């Protein structure tokens with residue numbers, strides 16, 4: 001079966017440009033997560049969806065970051081007016097069941113999108 | 001607030017040596033979950049293990065073993081008879097029952113296994 005896929009794998013943007021990063025989770029997975037991984041650092045949580053509902057967006061660094069999952073499957077992370085500090089790898093992960101409480105199952109990660117803002 | 005510390009930034013060993021990767025965590029919750037992930041050069045994080053706070057039994061899976069000690073807030077990972085294919089960045093991570101969906105990662109340990 002297919003794993004989590006992300007596109008594009010690499011994106012170069014000029015400062016001030018808007019970008020959209022796509023995530024295709026594993027089919028049937030209820031939970032979807034976005035993380036930001038700066039060079040040499042661990043992933044940092046951005047946001048969490050349970051089906052189409054965005055239940056936690058506490059990790060989004062600014063209002064320039066926006067994520068959606070309108071039909072409860074594919075998700076898009078949009079960054080408006082990109083800045084150099086947005087340069088990072090953006091990782092998407094999915095999990096079979098809802099996350100939280102006493103349900104903290106394995107998250108399956110995609111290969112990431114490496115964003116470089118010039 | 002939850003926090004994970006991986007004090008070893010880089011470790012280099014020769015093939016067949018045993019190596020232990022350290023992980024220390026901080027949490028106020030009594031129920032929490034600890035994870036180890038492997039990130040090879042391809043970039044995709046690979047799940048290795050999940051541990052619940054109420055289960056301190058150590059685990060062995062092939063050449064991999066994990067030592068969970070609540071008394072020292074540590075969850076260390078040992079690779080026995082290391083192989084070149086074990087070269088990767090290894091991340092320890094923590095989630096709490098009360099922190100909703102947040103999974104907090106340490107900064108990772110770069111393991112290089114030389115032939």
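Readers should treat all values here as calculations from the given coordinates under stated rules, not as data from a laboratory. Just so you know, these numbers come straight off a predicted model, no measurement behind them. Cβ: placed from backbone, ideal geometry, glycine included. Neighbour counts: every protein chain shown.
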Subset of the stretch A:24-40 [surrounded by 15 or more Cβ atoms within 10 Å (Cβ to Cβ) and either within 13 Å of chain B (Cβ to nearest Cβ) or assigned to a loop (DSSP other than H, G, I, E, B) (or both)]
A:25, A:26, A:29, A:30, A:31, A:32, A:33, A:34, A:35, A:36, A:37
Keeping to the stretch B:101-115, report how many residues are farther than 25 Å from residue B:15 by Cβ and in a strand (DSSP E or B).
3
Looking only at the stretch B:25-48, filter to residues that are part of a loop (DSSP other than H, G, I, E, B) and under 15 Å from the mean Cα position of the chain (by Cα); which one of those is nearest to the other protein chains (Cβ to nearest Cβ)?
B:45
Among the residues that make up the stretch B:36-46, is at least one of them surrounded by 13 or more Cβ atoms within 10 Å (Cβ to Cβ) and over 30 Å from residue A:10 (Cα atoms)?
no
Check the stretch A:65-75 and report whether any residue there is surrounded by 14 or more Cβ atoms within 10 Å (Cβ to Cβ), under 24 Å from residue B:4 (Cβ atoms) and either out of contact with any strand residue (DSSP E or B) (no Cβ under 7 Å at 6 or more places or on another chain) or free of Cβ contacts under 8 Å to residues at least 24 places away in the same chain (or both).
yes
Any hit, the stretch A:8-20, residues being assigned to a loop (DSSP other than H, G, I, E, B), in contact with a helix residue (DSSP H, G or I) (Cβ under 8 Å, 6 or more places away or on another chain) and over 13 Å from residue A:91 (Cα atoms):
yes
Buried (at least 16 other Cβ atoms within 10 Å of the Cβ), in a strand (DSSP E or B) and more than 11 Å from chain A (Cβ to nearest Cβ), is that true of residue B:11?
yes
For residues that are free of Cβ contacts under 8 Å to residues at least 60 places away in the same chain and assigned to a strand (DSSP E or B), scanning just the stretch B:72-100, find the one that is nearest to the other protein chains (Cβ to nearest Cβ).
B:89
When the residues of the stretch B:49-68 are narrowed to those that are within 19 Å of residue B:26 (Cβ to Cβ) and surrounded by 12 or more Cβ atoms within 10 Å (Cβ to Cβ), which ends up nearest to the other protein chains (Cβ to nearest Cβ)?
B:50
Limited to the stretch A:60-118, what total is found for residues that are assigned to a loop (DSSP other than H, G, I, E, B) and more than 14 Å from every other protein chain (Cβ to nearest Cβ)?
15
